[in-house]
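In what follows, a structure is listed as structure tokens, so that the remarks can point back to it.
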Amino acid sequence: RIGEALGLTWDRVNLDAGTVLIDRQAIRSKGHGLRLMSTKTDAGVRTLVLPVWGRDLLNRRYRAEFCPPDRPVFPAIRTGGIRDPRNTARDIRRSLQGTGFEWASAHTIGRRSLATWMDLAGLSSRAAADQLGHRRVSVTTDTYFGRKIENTGAAAVLKAIGE
């Protein structure tokens with residue numbers, strides 16, 4: 001979720017362990033403006049292990065910038081404060097113009113693709129649900145996993161029955 005990434009501050013990043021704590025999100029609310037709030041559900045609170053390239057990227061960013069613990073990892077460019085999720089979604093849409101992927105959104109590219117890749121790698125639905133912060137595994141499988149997999153395994157089962 002874009003809001004969760006934008007809600008990440010340096011005090012929730014453990015570069016030595018290569019983990020991030022997701023426990024809040026950046027939102028814009030009427031009458032309050034931009035602020036950090038807790039995740040949508042209790043299941044959204046989770047510690048995620050970063051891929052090596054993600055840890056390296058954050059490590060370079062941390063060393064290159066002044067990063068007090070309460071500073072957002074992905075700050076607004078002009079103010080250094082909380083970045084607006086709507087502006088970020090718009091920037092991602094703009095970056096996809098002319099690529100042939102104009103149909104995609106940050107949600108599609110990030111969450112749906114990751115869930116499908118985890119499924120194709122043979123990881124459990126529970127693992128994907130925990131990664132995405134879903135309380136119910138059925139949300140992950142019904143909404144996020146890709147469908148129309150060509151090799152479903154049925155041919156092998158039918159072959160075994162016919163022998």
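At a Förster radius of 41 Å, what calculated FRET efficiency corresponds to the Cβ-Cβ distance of TRP53 and LEU158, to the nearest 0.05? The partial results should precede the final answer.
Working: r = 41 Å, r/R0 = 1.01.
Between TRP53 and LEU158 the formula returns 0.50.
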Inset, instruction - Per residue of segment 37-43, in order, report the coupling 6.51 cos²θ - 1.76 cosθ + 1.60 (Karplus, θ = phi - 60°) as ³J(HN,Hα) in whole Hz, putting x for Gly and Pro. - result: 10, 5, 4, 4, 9, 4, 5
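Computed FRET efficiency, Cβ-Cβ of HIS32 and ALA89, R0 22 Å: what is it to the nearest 0.05? Walk me through the intermediate numbers first.
Numbers: r = 20 Å, r/R0 = 0.89.
Given R0 = 22 Å and the Cβ-Cβ separation, E is 0.65.
Set the Förster distance to 45 Å, then compute FRET efficiency between GLU65 and SER138 from the Cβ-Cβ distance, nearest 0.05. Present the calculation step by step, with values, prior to reporting the outcome.
Numbers: r = 41 Å, r/R0 = 0.91.
It comes to 0.65.
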Legend entry - Listed candidates [x] 1.99; [y] 1.24; [z] 1.00 - label of the one calculated as Cα Rg over 2.2 N^0.38 Å: [y]
Legend entry - Accessible-area composition of the chain, carbon plus sulfur, in percent [1.4 Å probe]: 55 percent
Inset, instruction - Using θ = phi - 60° and the Karplus relation 6.51 cos²θ - 1.76 cosθ + 1.60, list the HN-Hα couplings for segment 16-22 in order, rounded to whole Hz, with x at every Gly or Pro. - result: 5, 7, x, 10, 10, 9, 9
Legend entry - Extension gain from PHE145 to ARG12, taking 0.36 nm per residue of separation minus the Cα-Cα distance: 45.0 nm
Legend entry - Average accessible area per residue (Å²) across the chain - probe 1.4 Å, nucleic acids and ligands excluded: 66 Å²
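The values are calculated or read from the model by the stated rules, or taken from the named source; none is laboratory data. This is a predicted model, so every value here is computed, not measured. Counting neighbours? That spans all protein chains shown, and the Cβs are built from the backbone with ideal geometry, glycine included. Side chains are part of the model used for accessible areas, which takes the heavy atoms of the whole protein and leaves out ligands, DNA and RNA. Shrake-Rupley method; radii C 1.70, N 1.55, O 1.52, S 1.80 Å.
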